[in-house]
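Below you'll find the structure, written out as structure tokens, and then a few comments.
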Amino acid sequence: MKSNAKASAMTDNRQFCEESLEALTRTQLEELQWTRLQKTLERVAHSPFYGGRFREWGLNSSGFQGLDDLSRLPFTTKKDLRSAYPYGFLCTPKDKLVRLHVSSGTTGQATAIFYTQKDVENWANLLARSMYMTGARPGDTFQNLTGYGLFTGGLGFHYGAERLGLLTIPAGAGNSKRQIQLMQDFSTSVIHIIPSYALLLMPIMMEMGVDPRRELNLRIGFVGAEPYSEEVRRRIEDFYGMRVYNSYGLSEMNGPGVAFECPCQQGMHLWEDFYLVEIIDPQTLEPVPPGSYGEMVLTSLTREAMPLLRYRTKDLTRILPGECPCGRVHRRLDRMQGRSDDMFIIKGVNIFPVQVEQVLMNIPEVGNNYQILLRNENNIDDMIVRVEVTDRVFVEDMRRLQTLQKKIARDLRGELLVTPQVELVEPHSLPKNEGKAVRLVDERKQ
Ligand code: AMP
Ligand code: ZN
């Protein structure tokens, strides 16, 4: 039996959680942004880092006349955060802090992010708004399958779901059989999961003989925290029988809830009442032409403990042109191509791991896990793509496997313009990760 919540799946795209903040005009939005930016500029002057910089640059908050003046400020980088670790960006006394998270540190030393009570509340509201937008409602059971603890995906979604009034199961990451059991026992209808874990959970469900389309009550999946392709979205939607909404965030800006997809599934609305967005060319640092890809730069507009000005996220995306049919004024971000640090160069060609994924996940014989290995032997770079095949393919004869191997290599060449070596490996044999997946192993750097 499907629950009543299933009936509300046909959510009207134009139902707003916070109408006054989602359905305002651009002029009203910009007025709000300017008011909030002025407060933020006053606040940052209290932090050792920005206070010092403002003195160095001869600036104070009253020297700014409008939103455009922000571009007079230099960017803030991860390196700055590290150099001022742990308290250099703090704008409030320590006794006003209620929470600390650290970024997952996949690209070097972690950084500490602090929250006041108000920051935690604002963050919960943003996630409640995001989840509501997709049709989640009281009466839904929400299972959070991401790590609790220092990673923001756990507690961030947890507080947001409770704020919205969902029955919230803090399942955490891993322990897959128990996850499936919880989904069955409590008719879980909404989940939050990272894409690589959603893929890894599929064979475990099949092994347990659970057909999610028939036996589970899933209808909405919030999937994010790492890059994934449209092909992976389709695989997850088809298998679980739910709609998948892309969710983007980073610890430096609270965590998840920075940008989120609406039911139109045409890009993620960036919550512009909380964040100012710029897209720059990472080389020249100049703004890119409207609609072009570049590095996203964010300024927080409401954070109290640790506001950041013009923070270079290293995430590559673009602002989608045009308005969203749902009527929200907040502009939409395209799917992230990846982080500029994830891009690798092989034989003179720049490649993002997600481009490899896009090709592989279009081939039905390819399983749900893969790994890209870069090697250098005798001064020649090699790219090896290890691909798990599905159980069914694995028992097939050698000739068919060779044909599959050639097809994968050909399709990858079509997308990447580089011909990698393709190794087909047994199902479930590649390393698994409960947190964000590590798709790329670059042995050239060792
Ligand atoms: P952390 O602060 O450690 O949780 O990591 C944040 C980073 O995860 C972002 O800067 C992105 O690189 C990545 N990320 C988060 N959500 C997404 C998403 N929906 N698509 C692609 N990358 C994402
Ligand atoms: Zn929309």
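The values are calculated or read from the model by the stated rules, or taken from the named source; none is laboratory data. Being a predicted model, the structure only gives us computed values, none of them experimental. Counting neighbours? That spans all protein chains shown, and the Cβs are built from the backbone with ideal geometry, glycine included. Side chains included, ligands, DNA and RNA excluded: accessible areas come from the protein's heavy atoms. Shrake-Rupley method; radii C 1.70, N 1.55, O 1.52, S 1.80 Å.
Here are some notes:
- Among beta bridges that DSSP assigns inside segment 344-445, antiparallel share in %, nearest 5: 60 percent
- Cα-based helix-to-principal-axis angle, 117-134 vs the chain, degrees rounded to 10: 50 degrees
- Taking 7 Å steps out from each Cα toward its Cβ at K432 and A23 produces label points 4.5 nm apart.
- Each peptide in 178-188, 423-433, 214-224 was scored by the mean count of other Cβ atoms within 10 Å over its residues; highest first, the order is 214-224, 178-188, 423-433.
- Probe 1.4 Å, protein heavy atoms only - accessible area per residue of the chain in square angstrom: 44 Å²
- For the pair M206 and T419, the difference between a 0.36 nm per residue extended length and the Cα-Cα distance amounts to 73.3 nm.
- Per-residue [θ]222 nm for the chain (sum of -39500 (n - 2.57) over DSSP H runs n ≥ 4, rounded to 500): -9500 deg cm²/dmol
- When the alpha carbon gyration tensor of the chain is reduced to an equivalent ellipsoid, its three semi-axes come out at 37, 28, 20 angstrom, largest first.
- Cut-off 13 Å between beta-carbons: net charge of the residues surrounding E31, Lys and Arg +1, Asp and Glu -1: -1
- Accessible carbon and sulfur surface of segment 26-148 relative to its total accessible area, %, 1.4 Å: 49 percent
- Put a dot 7 Å past the Cα of I345, heading toward its Cβ, do the same for K39, and the two dots end up 4.5 nm apart.
- Counting only Cβ charges, +1 for Lys and Arg and -1 for Asp and Glu, the dipole size of segment 217-331 around its Cα centre is about 240 debye.
- Relative intensity of segment 344-445 on a log10 scale, I(q)/I(0) at q = 0.11, 0.21, 0.23 Å⁻¹, equals -0.32, -1.13, -1.31, per a Debye sum over C-alpha point scatterers of equal strength in the absence of solvent.
- Burial order of peptide ranges 364-371, 189-196, 275-282, 394-401 (average beta-carbon count within 10 Å, highest first): 189-196, 364-371, 275-282, 394-401
- Cα→Cβ-extended label distance, 7 Å offset, between D69 and D334, nm: 3.4 nm
- Tensor-based shape of segment 203-298 (alpha-carbon gyration tensor, a/c under 1.5 rounded, otherwise prolate or oblate): prolate
- What you get for the chain, charging only the Cβ of Lys and Arg (+1) and of Asp and Glu (-1), is a dipole of about 320 debye around the Cα centre.
- Largest to smallest accessible area among C264, C326 [probe 1.4 Å]: C264, C326
- Neighbourhood charge, 9 Å Cβ-Cβ cut-off, centred on Q358 and excluding it, Lys, Arg +1 and Asp, Glu -1: -4
- Measuring nothing but protein heavy atoms, the accessible surface of segment 344-445 at 1.4 Å probe radius is 47 percent carbon and sulfur.
- Helix 398-416 and the longest principal axis of the C-alpha atoms of the chain enclose an angle of approximately 30°.
- Between helix 230-240 and the chain: long-axis angle, C-alpha atoms, 0 to 90°, nearest 10: 70 degrees
- Antiparallel DSSP beta bridges within the chain, as percent of all bridges there, nearest 5: 60 percent
- Karplus 3J(HN,Hα) series, Hz, for segment 72-79 with 6.51 cos²θ - 1.76 cosθ + 1.60 (x for Gly, Pro): 6, 7, x, 6, 9, 10, 4, 4
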